[in-house]
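Input: a single structure, listed below in structure tokens.
The values are calculated or read from the model by the stated rules, or taken from the named source; none is laboratory data. Predicted model, so just to flag it, every value in this text is computed and none were measured. Cβ placement follows ideal geometry from the backbone for every residue including glycine, while neighbour counts extend to all protein chains displayed. These accessible areas exclude ligands, DNA and RNA; they are computed on the full protein's heavy atoms, side chains included. Shrake-Rupley method; radii C 1.70, N 1.55, O 1.52, S 1.80 Å.
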Amino acid sequence: MHMQTVWITGAQGQMARALYQQTPPGCAVRCFGRQQWDLSQPAKLELPRQNLPQLLIHTAAMTDVDGAEKDPHLAFALNGTATERLAQWCADYGIAMLALSTDYLFDGQATRPYRPDDRVNPLSVYGRSKQVGEQAIQEILGDQAAIIRTAWLYDGGSGRNFLTTMLRLMGQGTTPLRIVEDQWGAPTACDALARVVWALAQQLLDQAHGGGLYHWSCQGQSSWFEFAQTIQQIALEMGLLQHPVELQPISAVQYGAPAPRPAYSVLDSTLLVQRLGTVAQPPPWQQALRAVMQAMPPLK
Ligand SMILES: NC(=O)C1=CN([C@@H]2O[C@H](COP(=O)(O)OP(=O)(O)OC[C@H]3O[C@@H](n4cnc5c(N)ncnc54)[C@H](OP(=O)(O)O)[C@@H]3O)[C@@H](O)[C@H]2O)C=CC1
Ligand SMILES: Cc1cn([C@H]2C[C@H](O)[C@@H](COP(=O)(O)OP(=O)(O)O[C@H]3O[C@@H](C)C(=O)[C@@H](O)[C@H]3O)O2)c(=O)[nH]c1=O
């Protein structure tokens, strides 16, 4: 079998790890962390010219949404300029590109799930920096690139995400836990998204025109408060957690995070389902959450 080579940025990140774990037969995957490519200084980035891959999956990003408000320079360097450099490198060497982007490009004013061609209007530095990266990819690579906007990602690993943060705070008995109830989105499991990314990657590798701008998240919608309630309920059922803590619904204003976040950022995955078929049919978010938590070790 002819092996196809795929390189992935963001080696230690939750999506890169989920993608690596699901490496399809016939693909040789190599992951690049910040030791190999430090994307915070895009001008100094030295990219290889030989033994190149057929596809680059770009997951690395500055994902600290509040941190980006404090250090916009770093956010734009990583999410904007470094992404542009990688897109240019892909164009120069005929490499296809698949990049991940975010629901935080939207301002949250919609009353139905966002489609890929809806108007973007990011509220935060993180959102604006990701928009710059998206635009660069589209201008430089056009249909040779695919962008999947996704949302509210989590895995059951050791990294920082809403699931692991909640389980840590609940395990420590932090009570009451104050949780935002007026922001709505779709919690999305990294392993579910990874299956879809690989299906689209295969189309790009087969040059079957997988390019374009897509949305994909798990199905349904939730507030952060409902997400936390569901995490606690499943954790108690599974014995991951011994005692419940009090969950107190609060507004985003009361929470007072440095970065504004959209009040509503549910994504419409239809276009990708049409393109890829049943493999891209999103599972209900509660079902995906349960599956991830079932595979987690007991809390320490
Ligand atoms: N997390 C989420 O909820 C969502 C994420 N996305 C997008 O999906 C993609 C993947 O996100 P996710 O896996 O959750 O992110 P993570 O934060 O888990 O991983 C991001 C990766 O970027 C790497 N990185 C950070 N700074 C640098 C740098 N200076 N040089 C090189 N690499 C660096 C990190 O490296 P290190 O491990 O060394 O810090 C990390 O491996 C991102 O593009 C993100 O914008 C979209 C919607 C939701
Ligand atoms: C820890 C915590 C957070 N929150 C709130 C703050 C915020 O409104 C919401 C989520 O906070 P977090 O910091 O966990 O998540 P946040 O950084 O907003 O997550 C985002 O990450 C980027 C990368 C994306 O692209 C988005 O799709 C989204 O997943 O929950 C509480 O209400 N109580 C808490 O104890």
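Packing, taken as the mean count of other beta carbons within 10 Å per residue, orders the peptides 31-37, 121-127 from highest to lowest as 121-127, 31-37.
Between rounded, prolate and oblate, where does region 1-157 land on the alpha carbon gyration tensor, with a ≥ b ≥ c its root eigenvalues, rounded for a/c under 1.5, else prolate if a/b exceeds b/c? Please list the in-between numbers first.
On the way: a/c = 1.55, a/b = 1.42, b/c = 1.09.
It comes out prolate by the Cα gyration axes.
For residue 253, the accessible surface of its heavy atoms amounts to roughly 130 Å² (probe 1.4 Å, protein chains only, rounded to the nearest 10).
Applying a length cut-off of 18 Å (Cα extent along the axis) and a mean Kyte-Doolittle floor of -1.0 to the DSSP H helices of the chain leaves 125-141, 190-205, 224-238.
Extending 7 Å from the Cα toward the beta-carbon at both residue 22 and residue 254 defines two label points whose distance is 3.7 nm. The length gained on full extension between residue 291 and residue 112, counted as 0.36 nm times the residue separation minus their Cα-Cα distance, comes to 61.7 nm. For region 29-99, a/c is not less than 1.5, where a ≥ b ≥ c are the root eigenvalues of the C-alpha gyration tensor, and a/b tops b/c. That puts it in the prolate class. Report summary: the helix-based calculation at 222 nm, which adds -39500 (n - 2.57) for every DSSP H run with n ≥ 4 and divides by the residues of the chain, gives -10500 deg cm²/dmol. Sequence-distant contacts, meaning Cα pairs under 8 Å at least 6 residues apart, place the relative contact order of the chain at 21 percent.
Computed extension length for residue 43-residue 278: 80.4 nm, one decimal, from 0.36 nm per residue of separation with the Cα-Cα distance subtracted.
If you take the beta carbon distance between residue 206 and residue 66 as r and set R0 to 41 Å, what does 1/(1 + (r/R0)^6) give as a FRET efficiency, to the nearest 0.05?
Values: r = 40 Å, r/R0 = 0.98.
Plugging the Cβ-Cβ distance into 1/(1 + (r/R0)^6) gives 0.50.
Note on surface exposure: 270, 230 rank 270, 230 by accessible area, highest first, 1.4 Å probe. What a 1.4 Å probe finds exposed on the chain is 48% carbon and sulfur by accessible area, rounded to a whole percent.
Regarding the chain, what whole-number volume in Å³ per residue does the convex hull of its Cα atoms give? Mind dumping the intermediate values first?
Details: hull volume 38.9 nm³, N = 300.
In the chain, the Cα convex hull volume per residue is 130 Å³.
The residues of the chain expose on average 47 square angstrom of accessible surface per residue, using a 1.4 Å probe on protein heavy atoms.
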